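Handing you a structure now.
Throughout, read-outs are computed from the coordinates displayed, never taken from laboratory work. In this text, all values refer to a predicted model and were calculated from it rather than measured experimentally. Cβ sites come from the backbone with ideal geometry, for glycine too, and all protein chains shown count toward neighbours.
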Amino acid sequence: MKAVSFLFQYIVHPKEVGAILPSSTYLGNKMIEGINFHTAKYIVEYGPGTGVFTEKLILNRDPQTKLIILENNKQFYMLLKEKYKHETNMIIINGSAENIVKYLKELDILYVDYVVSGLPFASLPVQASNNILINTQKILGKDGVFITFQYTKLKKSFIEQFFPKIKVKREIRNMPPAYIFQCTK
Ligand SMILES: C[S@@+](CC[C@H](N)C(=O)[O-])C[C@H]1O[C@@H](n2cnc3c(N)ncnc32)[C@H](O)[C@@H]1O
């Protein structure tokens with residue numbers, strides 16, 4: 001899917017897509033740099049869009065590490081299904097991150113090691129963001145890490161209500177420049 005189609009999805013679903021362009025590969029690298037790929041058994045990704053972060057997770061993961069990918073936009077989901085049809089140990093779900101607890105239960109997974117999020121918390125409804133963050137707390141093991149990016153730090157204190165420890169990094173080679181929040185309980 002080209003950037004034009006990403007833009008089209010933004011025009012049709014502005015609040016859910018939350019950006020007019022996919023993230024840069026630079027931001028993708030910074031999003032995953034805190035992940036210990038040797039020890040991670042399960043990695044969840046929310047809102048992969050066209051798969052910029054997914055690509056990095058696939059390239060760096062141990063083949064035994066299971067990736068669980070949740071995308072609620074049907075067009076992006078179909079694109080990802082086609083793009084990664086040959087990948088093993090990867091589950092792509094067309095559904096909302098709000099329902100992650102239910103999906104993991106269906107997969108018999110109790111806890112995951114990392115959640116990598118591309119969700120636009122700045123434009124999602126507050127109730128949906130609340131549900132997603134509460135459920136993310138539930139599925140992360142005690143040393144689990146929630147990694148998200150935002151274009152401003154406005155949502156930092158909101159996220160801190162769920163994850164009190166947040167390390168912030170910045171990536172300026174992204175359009176627009178972005179902050180990476182590495183969040184723990
Ligand atoms: C800002 S885009 C990020 C796309 C990609 N991660 C990137 O950085 O290029 C946000 C993505 O989150 C998806 N999304 C929004 N709300 C969602 C939800 N509740 N559950 C799963 N995906 C969601 C959108 O469809 C979109 O693909």
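Relative contact order, percent, of the range 3-184 when contacts are C-alpha pairs under 8 Å separated by at least 6 residues?
About 22 percent, as a whole number.
In nm, to one decimal, how far is the L154 label point from the K142 one, both placed 7 Å along Cα→Cβ?
3.8
Scale the Cα Rg of the range 85-182 by the rule-of-thumb value 2.2 N^0.38 Å and send over the ratio, two decimals.
Normalised by 2.2 N^0.38 Å, the Cα Rg of the range 85-182 equals 1.13.
To continue, here is another question. Please name which of Q182, A97, N72 has its Cα lying farthest along the dipole of the chain towards the positive end, using unit charges on Cβ (Lys, Arg +1; Asp, Glu -1) and the Cα centre as origin.
Among Q182, A97, N72, the one farthest towards the positive end of the dipole of the chain is Q182.
Then there is this: So which of K74/K102; K102/K167; K41/K142 end up more than 25 Å apart by C-alpha?
Check vs 25 Å cut-off fails for K102/K167.
Name the aspartates and glutamates eligible as straight-distance cross-link partners of K156: C-alpha to C-alpha under 17 Å, and not fewer than 8 places from it in the same chain.
Answer for K156, where 17 Å is the Cα cut-off: E171, listed by chain and number.
Can you give me the C-alpha center-to-center distance between the range 47-90 and the range 1-45, rounded to a whole angstrom?
The range 47-90 and the range 1-45 have Cα centres spaced 10 Å from each other.
Note down, for the chain, the three equivalent ellipsoid semi-axes (square root of 5 times each alpha carbon gyration tensor eigenvalue), biggest first, whole angstrom.
Taking √(5λ) for each eigenvalue gives 21, 20, 17 Å, largest first.
Which order do the peptides 158-169, 45-56, 70-81 come out in when sorted by mean C-beta neighbours inside 10 angstrom, highest first?
My ranking of the peptides, most packed first, is 45-56, 70-81, 158-169.
Please express the shape of the range 42-91 as an equivalent ellipsoid: the semi-axes are the square roots of 5 times the eigenvalues of the C-alpha gyration tensor, given largest first in whole angstrom.
Equivalent ellipsoid of the range 42-91: 17, 11, 9 Å, largest first.
Mind checking the dipole of the range 3-184: about its Cα centre, +1 per Lys or Arg Cβ, -1 per Asp or Glu Cβ, Debye to the nearest 20?
380
If you don't mind, another one. When DSSP assigns beta bridges and you keep just the ones with both residues in the range 35-185, what percent turn out antiparallel, to the nearest 5?
40
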